[in-house]
Each structure stands twice: as structure tokens, then as C-alpha cells.
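To keep things clear, I will list the structure first and then write my remarks on it.
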Amino acid sequence: MPGRGFTTGDKMIARIIAVALAIAFSLSPSHAQPRHRLPSGYKWGRCLLVVHGETRLSGRCSYQIEKGGDFNIQGPKQVFAGIDYPDTHSGAGEMSKDYWAVVYKDGDLWAGYANADIRDTHGEAGDWGELRREGACYVGKDVKVCLWR
């Protein structure tokens, strides 16, 4: 009938279609948050890195565990050569955008190091000394590094 407006049923159908489209677009891969690609052998986990009383990482992180138990952790904003920027295959082209740490077996003891500034691609000066394992954490005099997979 000309001049007739939308009925209550028409308005309800329009709302259902609008909600369905909003849900479909929110779940669409093209609208989803981009997932940071990781190098081969890396996985997502949860980490804690506290050095000299400063919490540098707490929460989501990427990690890699090597044979023998050595591991490294990277903050969620970290970038990787060959994935996020060109791999120059030399130290001159390295970059860092987040905190990271390395824990490794040194003879019968555990040791480690980390960057002091998110831009540093080298470990900070000084030695963490011996680390002892406490569950998922490695603890030293002024450091605590934890990794939960």
C-alpha cells in the first residue's frame, strides 16, 4: 500500500539483519586483529621478567625452547628479521621493539641475560649470576624469569 511506513515486523527484520552483518564482519579474517607471525620454532605463551625490581614483561610473550632446556622469551611487540623487516644476515641490521631475555645452562648451573632497553639488541652490562629453578621460574639475586606455555 503506497504511503505505508515500516511495520513493527519490518523493523525487527531490519534489526536482525543489521546485527547479523555486524557479527559477520567482526568475525571476518579481514577485520580481525592481525596475528603477529613468529619465526619457526617460536610459540606464544605467558612470561614474567623482573630485573632489579623493574617488571619488564608480564603477560603474553613469544618463546623458543632449545634442546637441553635453554630458552628465550620476547615481548609481544618484538620484531623478527626476515618476517617484520629484511634479514641482513649481519648484526648491523638487527633491531628490537620489546624486552627479551635468554636463560641457558652453563655447565651445571643456569645463567641468563636480557636487554635493558627495548631498542637494545645486546644484553645489558653485568652478570645475573647463578639462577635457580623454582617451578616455571628462574630466580637470581636481582632477577626473575618465568615462562608458562
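Rolled with a 1.4 Å probe across the full set of protein chains, the surface gives Leu131 an accessible area near 0 Å². Proximity of backbone amide H atoms, modeled 1.01 Å from N, is registered between Tyr99 and Gly75 at under 5 Å, excluding neighbours fewer than 5 places apart on the same chain. Each label point was placed 7 Å from the Cα along the Cα-to-Cβ direction; for His89 and His52 their separation is 3.8 nm. Could you work out the local net charge near Ser40, counting Lys and Arg as +1, Asp and Glu as -1, over the other residues with Cβ closer than 14 Å to its Cβ? The answer is 0. Among Lys144, Lys43, the order of accessible area from largest down is Lys43, Lys144, computed with a 1.4 Å probe on protein heavy atoms.
Applying a DSSP loop filter and a limit of 16 other Cβ atoms within 10 Å to the trypsin sites (Lys or Arg not before Pro) in segment 108-137 leaves Arg119.
The values are calculated or read from the model by the stated rules, or taken from the named source; none is laboratory data. Quick caveat, the model's predicted, so the values are computed rather than measured. In this analysis, Cβ positions are derived from the backbone assuming ideal geometry, glycine residues included, and neighbour counts consider all displayed protein chains. Note: accessible area is taken over every heavy atom of the protein model, side chains too, but ligands, DNA and RNA are not part of it. Shrake-Rupley method; radii C 1.70, N 1.55, O 1.52, S 1.80 Å.
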